[in-house]
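Worksheet: the structure to be examined is printed underneath.
The values are calculated or read from the model by the stated rules, or taken from the named source; none is laboratory data. Fair warning: this is a prediction, and the values are worked out from it, not measured in the lab. For neighbour counting, all protein chains shown are included, and Cβ atoms are generated from backbone atoms with ideal geometry for every residue, glycine included.
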Amino acid sequence: MSDIKEYIDKALAQEYSYIKTLSETSINTLKVYEHKHSGKKLVSIESKYRNDEVFRTLRSVNTRGYTPRIYEVTSEDEYLFVLEEYIEGEALSNYLNDTRELPRSRVIEILIDLCCALEIIHSYKIVHRDIKPENVIIGKEKASLIDFSVAKMISNKSADTVSLGTAGFAAPEQYGVAQSQPTADIYALGVLANILLIGTHPTSGVPKGYLGTIIKKCTDIQTSKRYQNAWELKKALLKAKKLYK
């Protein structure tokens, strides 16, 4: 057992209390712990998907709350172990499950926040690859993007070696067609926008007007026709924010 892994296990056992399991799959397990004295919460990640470089890169990045802060990263045999910040708030999926309607202006604000998250991670050559309502936390000040379990570093390989992501949100290229680039996250954000605005996947229709135009561009089957980066999309959304006051 590595020194860091031993330190993590000892700290969690002695200084923290287990709160809940966020998710548990064949690939990874995410659990929430709370410090016994300060009440500060953190997330423990144990993953078979060895994207060590993603978390090691994020550990040195100040993402200004748009993504969780990474505290510790270590690996052992086939597992990756991570301790990260627990972001307080409510999952966007809860709003959809409770059929709570979000005003169009609020949806645009959420999408702009997610663009800010993407601007940061893409600048460090990281693609999230799993943007969906469950991985967006609505906090008091901003929306945050969480769960980098299947995120990857951008590479020059011809195609993704492992097909990961969530059906419906994952871009076509994530299924071995091509290498996932930042435009894969742009696609997923377009799908998310459509679901938040009219409740359906873009293949079933998009909103009328400028927002519909934005979503169509985000989810174009050809990556070259999408917004090429989060800043381009954010500019379009800022324009939409003025139009839909």
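Of everything in segment 111-142 that is within 21 Å of Asn97 (Cβ to Cβ), in contact (Cβ under 8 Å) with a residue 60 or more places away in the chain and outside any helix (DSSP H, G or I), the residue that is nearest to the chain's Cα centre (by Cα) is Ile131. Within segment 172-208, being over 16 Å from the mean Cα position of the chain (by Cα), under 18 Å from Pro103 (Cβ atoms) and either among the acidic types (Asp, Glu) or crowded, with 24+ Cβ neighbours inside 10 Å (or both) holds for one residue alone: Asn194. Return yes when Asp130 is surrounded by 15 or more Cβ atoms within 10 Å (Cβ to Cβ) and either within 16 Å of Ile221 (Cβ to Cβ) or outside the structural domain of Asn28 (by TED's automatic domain parsing) (or both) and no when it is not. For Asp130, the condition - surrounded by 15 or more Cβ atoms within 10 Å (Cβ to Cβ) and either within 16 Å of Ile221 (Cβ to Cβ) or outside the structural domain of Asn28 (by TED's automatic domain parsing) (or both) - is met.
To keep it simple, each residue is scored yes or no on (1) under 18 Å from Ile126 (Cα atoms); (2) basic (Lys, Arg); (3) assigned to a loop (DSSP other than H, G, I, E, B); (4) touching a residue at least 24 places away in the same chain (Cβ under 8 Å).
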| position | (1), (2), (3), (4) |
| --- | --- |
| Gly39 | no, no, yes, no |
| Leu42 | no, no, no, yes |
| Tyr49 | yes, no, yes, yes |
| Thr57 | yes, no, no, yes |
| Val61 | yes, no, yes, yes |
| Arg64 | yes, yes, yes, yes |
| Thr74 | no, no, no, yes |
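Okay, residues lined up against (1) assigned by TED's automatic domain parsing to the domain that holds Ile108; (2) at pLDDT 95 or above; (3) of a type in the set (Ser, Thr, Tyr):
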{"site": "Ala167", "(1), (2), (3)": "yes, no, no"}
{"site": "Glu173", "(1), (2), (3)": "yes, no, no"}
{"site": "Val177", "(1), (2), (3)": "yes, no, no"}
{"site": "Ser180", "(1), (2), (3)": "yes, no, yes"}
{"site": "Val191", "(1), (2), (3)": "yes, yes, no"}
{"site": "Leu196", "(1), (2), (3)": "yes, yes, no"}
{"site": "Leu211", "(1), (2), (3)": "yes, yes, no"}
{"site": "Lys239", "(1), (2), (3)": "yes, yes, no"}
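Inspect all residues belonging to segment 136-144 and state whether any of them is within 22 Å of Asn194 (Cα to Cα) and surrounded by fewer than 17 Cβ atoms within 10 Å (Cβ to Cβ). Checked against the condition, which is being within 22 Å of Asn194 (Cα to Cα) and surrounded by fewer than 17 Cβ atoms within 10 Å (Cβ to Cβ), segment 136-144 yields at least one hit. Residues in segment 1-41 that are of a type in the set (Asp, Glu), closer than 17 Å to Ser75 by Cα and surrounded by 11 or more Cβ atoms within 10 Å (Cβ to Cβ): 2 in all. Taking segment 78-106 as the range and being in a helix (DSSP H, G or I) and surrounded by 20 or more Cβ atoms within 10 Å (Cβ to Cβ) as the test, only Leu92 passes.
Just to be sure, is Ile8 β-branched (Val, Ile, Thr) and farther than 16 Å from Ile137 by Cβ? When the stated conditions are applied, Ile8 passes them.
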